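Here's the structure, in structure tokens; my notes come after.
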Amino acid sequence: GTGTFGSRSIAVGGAALALAADEIIAKATQIAAHQLEVAVADVQCHDGKFVVKGTDQIIAWKEVARAAHAPALLPAGCTPGLETQADFDPVNVAWSNGCHVAEVAVDTETGKVNVTRYVAVDDFGTVINPTIVHGQVHGGIAQGLGPALFESVQLDATGQPLTGSFMDYAIARADDVPDIEAENDESQPFPHNLLGAKGCGESGAVGA
């Protein structure tokens, strides 16, 4: 693709990976069935191995992968290897939606704003990796609070930047960011890719 912008990693790249994985599993199932001397329809890929349905006959992925590169061990018409290529062209954008609420206290003497509570509920569709999603949301909120409350490029009368480094530029620090209450609403998988997932990269920054 052309980059990760627009939260495309899971929604586009992940969907292409899912398609490729399905193709590889289908081919590996054929090879496993040949090795086990059963019909392809009787073999199921499950938990890192191939199982003959209703029996205790199994063959591991590593054995199938080894056989895939030995032409003599392949079924008729099967090319060696487990390489494949898949493309995914989404029919619609996969931006997330949600609601972010910030509770703030303003010091009327100085104008300083303190964020006392921050709650975010987002709909990312199916969440593939909760740890990564939480990290994206928390980091994005911290990034969004920066320009909302602190960050500003300052120039003098001649146009010379006065905020030329992070010593001068008021980037948000850890004590500027409150404890964040974040939840994911997975009730509606996204209908326009195989994973049901939407992007999460921009939600924190946009919401904040």
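So if we plug the beta-carbon distance of His46 and Asp89 into 1/(1 + (r/R0)^6) with R0 = 25 Å, what FRET efficiency do we get, rounded to 0.05? Each step should come with its number before you reach the end.
Details: r = 30 Å, r/R0 = 1.22.
In this case the efficiency is close to 0.25.
If I take all pairs of Cα atoms in region 1-112, what percentage of them are more than 16 Å from each other? All intermediate terms of the calculation are to be shown ahead of the outcome.
Values: 4299 of 6216 pairs.
The calculated P(r) of region 1-112 puts 69 percent of pairs beyond 16 Å.
Would you please state which residues of region 120-160 a label at Asp185 would reach in this model, taking the label point 7 Å out along Cα→Cβ and a backbone N cut-off of under 17 Å?
120-127
Report, ordered by chain and residue number, the lysines lying within cross-link reach of Lys62, taken as a straight Cα distance under 30 Å and ignoring same-chain residues fewer than 8 apart.
Lys27, Lys49, Lys53
For the chain, just the Cα set please: Rg and Dmax, both in angstrom.
For the chain, the Cα-based Rg and Dmax read 25.5, 83 Å.
Using the crude model of +1 on Lys and Arg Cβ and -1 on Asp and Glu Cβ, and no other charge, please compute the dipole size for the chain relative to its Cα centre, in debye to 20.
Rounded to the nearest 20 debye, it is 740 debye.
If I take every Cα pair under 8 Å that is 6 or more residues apart in region 96-208, average their sequence separation and divide by the length, what percent do I get for the relative contact order?
Computed value for region 96-208: 40 percent relative contact order.
Quick one: pull the percent of accessible area on the chain belonging to carbon and sulfur, 1.4 Å probe, ligands and nucleic acids left out. Can you show the working numbers first?
Values: 7030 of 12870 Å².
Answer for the chain: carbon and sulfur cover 55 percent of the accessible area.
What is the ratio of the Cα radius of gyration of region 115-202 to 2.2 N^0.38 Å, where N is its residue count, to two decimals?
Cα Rg divided by the expected 2.2 N^0.38 Å: 1.45.
Which log10 I(q)/I(0) values does region 44-94 give at q = 0.14 Å⁻¹ under the Debye formula, counting every alpha carbon as one identical point scatterer?
With no solvent term, the Cα-only Debye profile gives -0.55.
In nm, to one decimal, how far is the modelled label at Ala105 from the one at Ala170, with both set 7 Å along Cα→Cβ?
About 1.9 nm separates the two model spin labels.
Using Cα pairs under 8 angstrom and six or more residues apart, how large is the relative contact order of region 12-144, in percent?
So the answer I get is 18 percent.
Tell me the net charge near Ala20. Cut-off is 14 Å between Cβ atoms, Ala20 excluded, with +1 for each Lys or Arg and -1 for each Asp or Glu.
-3
The values are calculated or read from the model by the stated rules, or taken from the named source; none is laboratory data. Note that the structure is predicted; figures quoted are calculated from it, not measured. No Cβ is skipped: glycine too gets one built from the backbone with ideal geometry, and neighbour counts run over all protein chains shown. Each accessible area value is taken on the protein alone, full model and side chains, heavy atoms only, with ligands, DNA and RNA left out. Shrake-Rupley method; radii C 1.70, N 1.55, O 1.52, S 1.80 Å.
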